[in-house]
């Protein structure tokens, strides 16, 4: 099941909802420092495909949540803080033999007030330059996951960046693109078609809107989630990116649903996605 994987931030999740369920692809994120030795032993002993979502091990000096990125901020010290975190994750990813390192870029600019669009885009380009240099330095591909509220989440700008730096690829995140569609003039399905040529990964989770995100953060995808009720059309997204055989999909959610959604099964979610991808159950 290497085309479909799961996002893991604990050994227990990797083992119970990963290896025991037959997954052979993982995206590793934010592990407790004391679990890293055991994680490395598993990765060395199993034939797995895996990448790192920065940070691999959460540094105690970085803000919470560790997914926050300042790469597009005007303040250079903020950018350096995220660069330090990514540098550390890149070193760890290289050490464990990860296929890639995923980072949040482009990210929302938290201090954009009063700044020109030209300056903000220049700053984003400089961070893109840095990511490409880091990829070459460490010999590891970098996958950039766009975060929904970023003003730089534009297909034309991303196409220029990834054309300039082919060592960088894109991750289309279903939930973040739902958020982007709510705060920007952006059709998430047209955007998916536009970024498909340089996309290598798709994150699968779902929400109906900002209130869902505030209350539940990442909700597992499920066949009962109807687009007419506000959910992202996961089937449509999988059909768009599934045409490319080199694109892989990561279930980036907990392995259970909030109680408010009733007795929904994560196993059913996995089976549904496998069916959409044409993955054999054997």
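What is the order of 67, 82, fewest Cβ neighbours within 10 Å to most? Before the final figure, lay out the partial values.
Details: 67 16, 82 23.
Starting with the residue having the fewest Cβ neighbours, the order is 67, 82.
Using the number of other C-beta atoms within 10 angstrom as an exposure proxy, rank 56, 39 with the fewest first.
Details: 56 24, 39 21.
Result, fewest neighbours first: 39, 56.
Look at the alpha carbon pairs under 8 Å that are at least 6 residues apart: their mean separation over the length of the stretch 113-175 gives a relative contact order of 39 percent. With R₀ set to 35 Å, the beta-carbon distance separating residue 117 from residue 226 gives a calculated FRET efficiency near 0.40.
Only counting other Cβ atoms within 10 Å, I'd like 268, 201, 245 sorted with the fewest neighbours first. List each step's numbers first, then the result.
Values: 268 13, 201 24, 245 7.
By the 10 Å Cβ count, ascending: 245, 268, 201.
Three semi-axes describe the equivalent ellipsoid of the chain; taken as square roots of 5 times the Cα gyration tensor eigenvalues and ordered largest first, they are 27, 24, 18 Å. Using C-alpha pairs under 8 Å with a sequence gap of at least 6, the mean separation divided by the residue count of the chain gives a relative contact order of 15 percent.
Which percentage, to the nearest 5, of the DSSP beta bridges contained in the chain is antiparallel?
On the way: 1 of 30 bridges.
Counting DSSP beta bridges with both partners in the chain, the antiparallel share is about 5 percent.
At 222 nm, what helix-only mean residue ellipticity would the chain give, in deg cm²/dmol to the nearest 500, using -39500 (n - 2.57) for each DSSP H run of four or more?
Values: 10 runs with 115 residues, N = 282.
Computed ellipticity for the chain at 222 nm equals -12500 deg cm²/dmol.
FYI, it's all coordinate maths here, none of it is from the lab. None of these values were measured; they are calculated from a predicted model. Neighbour counts run over all protein chains shown; Cβ positions are idealised from the backbone, glycine included.
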